[in-house]
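In what follows, a single structure is set out as structure tokens and then discussed.
The values are calculated or read from the model by the stated rules, or taken from the named source; none is laboratory data. Worth saying up front: this structure is predicted, and the values here are computed from it rather than measured. Ideal geometry is used to build each Cβ from the backbone, glycine not excepted, and the neighbour counts take in all protein chains shown.
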Amino acid sequence: MDDTTDYEFAVFDEWSLYDEIIERNYMKHAEISAAVSRDLSSTNLNPVNKIATNEISEIWDLGCGCGGMAAKILSGWSVSKYTGVDLSQAGLARIEANLSASVSSVCTNSCEIVDFLDQQVGVCPSVILASFSLHHFPMEEIQRVLELIVKHMDSQSRFVWIDTVRQTYETREEFNRRFLLDISTQWTSLVPEQMLEVEEHITQYDFPLDQIERERLLSAAGLTSQTISYQDPFFTAEIFTRLSAVE
């Protein structure tokens, strides 16, 4: 994985740019978060003797940034504990303010995702979220993350994976050209310097899987799709459960 300095650049040089992208809904945070929240609401995320509507006992947010997507998903929920994992100190510093309305206890960990998952013992959170984070890592690293996620899931846990996904057999270069063309016509509030930063970020740091690669890694890790909450030509939000065969 990238070191801390590289990861700061991998997010964006200025958090104001990321805030602009969220505020203008350029990466469909509103639609994605509403769809994921809806589908999680239809799922029993709590022990049988503690069933309650829109309650989550514990959520891990892997590659959380400033917690922007989690804040939108969890709006209107009651969450006992949220743990955000990221290397960006600037992002982590903003999490408590972003999540305080929905979360009783907010924790942050400045470390690699793999290191965090390796260090946890005997914990099965209700929800594990990875939102626009795993596409920054090489395929073998994603595979390791998915394998570790499964180890921390029980029959009631849900893994929510939100990310860019290439079309089947589409190369990274083809995806980038298609994505950047869409950005050039749709992300109209950005000034040229911001557009350049977005382009540099995508071409240097983004390595989205195609659908076949994604499904192969998920199957090998022991994860099965519960529902596709959101899908468009660039982004997919999917909720997974652990295969009963590996429990």
Qualifying residues in the range 114-173 (those that are closer than 15 Å to SER57 by Cα, modelled with pLDDT of 95 or more and among the aliphatic types (A, V, I, L, M)) - the one farthest from the chain's Cα centre (by Cα)
MET153
Write out, first by first residue and then by second, each pair whose Cβ atoms fall under 9 Å of each other, whose residues are 6+ apart or on separate chains, and whose first residue, in the range 86-97, is over 20 Å from PHE137 (Cβ atoms) while the second is hydroxyl-bearing (Ser, Thr, Tyr) and surrounded by 15 or more Cβ atoms within 10 Å (Cβ to Cβ).
ALA93/THR108; ILE95/TYR82; ILE95/THR108; GLU96/THR108
Quick check: anything in the range 222-239 part of a helix (DSSP H, G or I) and either at pLDDT 95 or above or not hydroxyl-bearing (Ser, Thr, Tyr) (or both)?
no
Does any residue of the range 100-114 turn out to be closer than 18 Å to PHE159 by Cα, assigned to a helix (DSSP H, G or I) and either of a type in the set (A, V, I, L, M, F, W, C) or out of contact with any Pro (no Cβ under 7 Å at 6 or more places or on another chain) (or both)?
yes
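Listed here are the residues, each with its yes/no results for (1) at pLDDT 95 or above; (2) surrounded by fewer than 17 Cβ atoms within 10 Å (Cβ to Cβ); (3) aromatic (Phe, Trp, Tyr); (4) not in a helix (DSSP H, G or I).
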{"site": "ASP13", "(1), (2), (3), (4)": "no, yes, no, yes"}
{"site": "ILE22", "(1), (2), (3), (4)": "no, no, no, no"}
{"site": "GLU31", "(1), (2), (3), (4)": "yes, yes, no, no"}
{"site": "ALA35", "(1), (2), (3), (4)": "yes, no, no, no"}
{"site": "ASN46", "(1), (2), (3), (4)": "no, yes, no, yes"}
{"site": "ILE56", "(1), (2), (3), (4)": "no, no, no, yes"}
{"site": "ASP61", "(1), (2), (3), (4)": "yes, no, no, yes"}
{"site": "CYS66", "(1), (2), (3), (4)": "no, no, no, yes"}
Mind listing whichever residues of the range 81-93 are at pLDDT 95 or above and over 17 Å from the mean Cα position of the chain (by Cα)?
LYS81
Checking the structure you have, find out if any residue of the range 126-147 is loosely packed, with under 13 Cβ neighbours inside 10 Å, outside any helix (DSSP H, G or I), of a type in the set (S, T, N, Q) and touching a residue at least 12 places away in the same chain (Cβ under 8 Å).
no
Restricting the first residue to the range 185-204 and requiring it to be under 19 Å from GLU174 (Cα atoms) and modelled with pLDDT of 95 or more, which pairs with a second residue that is in a loop (DSSP other than H, G, I, E, B) and among the hydroxyl-bearing types (Ser, Thr, Tyr) meet a Cβ separation below 8 Å and a spacing of at least six or different chains?
GLN186/TYR26
Residue match in the range 143-152 (condition: under 20 Å from ASN25 (Cα atoms) and in contact with a helix residue (DSSP H, G or I) (Cβ under 9 Å, 6 or more places away or on another chain))
no
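Residues checked against (1) surrounded by 17 or more Cβ atoms within 10 Å (Cβ to Cβ); (2) not in a helix (DSSP H, G or I):
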site: TYR169; (1), (2): no, yes
site: LEU180; (1), (2): no, no
site: THR185; (1), (2): no, no
site: THR188; (1), (2): no, yes
site: GLU200; (1), (2): no, no
site: PRO208; (1), (2): yes, yes
Is it fair to say ARG158 is of a type in the set (Lys, Arg), touching a residue at least 60 places away in the same chain (Cβ under 8 Å) and closer than 26 Å to THR83 by Cα?
yes
What is the residue count in the range 53-100 for residues that are among the hydroxyl-bearing types (Ser, Thr, Tyr) and under 20 Å from LEU134 (Cβ atoms)?
3
